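Comments concern the structure below.
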Amino acid sequence: MKRRPLLAGNWKMHNTVIDACQLAAEIGKCSAGLSDRDVLLAPPYTVLSEVAHVLQGSEVLIASQNVCWEEQGAFTGEISPAMVKSAGGSAAIIGHSERRQIFHEDNGMINKRILGALAFGLLPILCIGETLEEREGEKTYQVLEEQIRKGLAGVSSEGMKEMVVAYEPVWAIGTGKTATKEQAQEAHAFVRKLLSEMYEKDIADSVRILYGGSVKPANVDELMAQIDIDGALVGGAALNAESFCRIINFT
């Protein structure tokens, strides 16, 4: 089954309004006319609507960097699915390693966010990945399985069709270290096999699994050549128009 590649740029806590709009405009130009892949940007909440406005009429998707499970309420500092959609977003990154490691979001909270995003019609991008200590302790697959099973608890087969998974080894995020193409492929193959045990095989075969962790112009081609890697979740390289446009236009 041929899966449509998804190239996503996570801006994290970068870019004020002017910088965000300029970068979005450049990315919009270099992604115009690409009919065989999807491009997505996840700006900070404060510029989400402005970026969506700049890219209005383009094919670039807009995501929030997290999302609450409730439509509204007393959740200081959170952003609801309804708010994301009203600002022009259609997707949400959930469970990023920085949310897990720095802000101590556990699998239970991440699962609530996944279910909330699905309930309100957002495309959830579930991030999973092991730390260096876990990899060196040969616990990679154990960690990935726990994150997937608990993160997807209660997600139906129909819901799974609306999901994206992103494998991001924590030891490769922002460190300049990248999993080899073989390491990345092995992890992606494991994830797909696990999904085929949890859901129907055709659903597992259709789910897009992205790789994240120091993706850059120099390695994107070899990563995207792997059979189970369906795209990239890009951090630092997505903050520069030239580098992200090269990633978008991988060959």
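Scan region 154-192 for residues that are surrounded by 15 or more Cβ atoms within 10 Å (Cβ to Cβ) and either among the small types (Gly, Ala, Ser) or closer than 13 Å to SER214 by Cα (or both) and report the count.
Going through region 154-192 one residue at a time, the tally reaches 15.
Quickly run through region 61-115 and pick out the residues that are crowded, with 17+ Cβ neighbours inside 10 Å, in a loop (DSSP other than H, G, I, E, B) and among the hydroxyl-bearing types (Ser, Thr, Tyr).
Within region 61-115, SER80 is the sole residue that qualifies.
Scanning for something surrounded by fewer than 22 Cβ atoms within 10 Å (Cβ to Cβ) and in contact (Cβ under 8 Å) with a residue 60 or more places away in the chain, does region 21-29 turn up at least one residue?
Taking region 21-29 and keeping what is surrounded by fewer than 22 Cβ atoms within 10 Å (Cβ to Cβ), we get 21-22, 25-26, 28-29.
Filter once more, keeping what is in contact (Cβ under 8 Å) with a residue 60 or more places away in the chain: 26.
Looking through region 21-29, at least one residue is surrounded by fewer than 22 Cβ atoms within 10 Å (Cβ to Cβ) and in contact (Cβ under 8 Å) with a residue 60 or more places away in the chain.
Please count how many residues of region 30-54 are in a loop (DSSP other than H, G, I, E, B), surrounded by fewer than 22 Cβ atoms within 10 Å (Cβ to Cβ) and not polar (S, T, N, Q).
So the first thing to find is which residues in region 30-54 are in a loop (DSSP other than H, G, I, E, B), and the list is 32-37, 43-44.
Checking which are surrounded by fewer than 22 Cβ atoms within 10 Å (Cβ to Cβ) leaves us with 32-37, 44.
Among the residues that remain, those that are also not polar (S, T, N, Q) are: 32-34, 36-37, 44.
Total satisfying the criteria: 6.
Residue by residue, here is whether (1) free of Cβ contacts under 8 Å to residues at least 40 places away in the same chain; (2) among the hydroxyl-bearing types (Ser, Thr, Tyr) holds:
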site: GLU186; (1), (2): yes, no
site: ALA189; (1), (2): yes, no
site: LEU194; (1), (2): no, no
site: GLU200; (1), (2): no, no
site: ILE203; (1), (2): no, no
site: SER206; (1), (2): no, yes
site: VAL215; (1), (2): yes, no
site: ALA218; (1), (2): yes, no
site: MET224; (1), (2): no, no
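Laboratory data are not the source of any read-out in this text; all were calculated from the coordinates shown. Quick caveat, the model's predicted, so the values are computed rather than measured. Methodologically, a virtual Cβ is constructed for each residue, glycine included, from the backbone with ideal geometry; neighbour enumeration extends over all protein chains shown.
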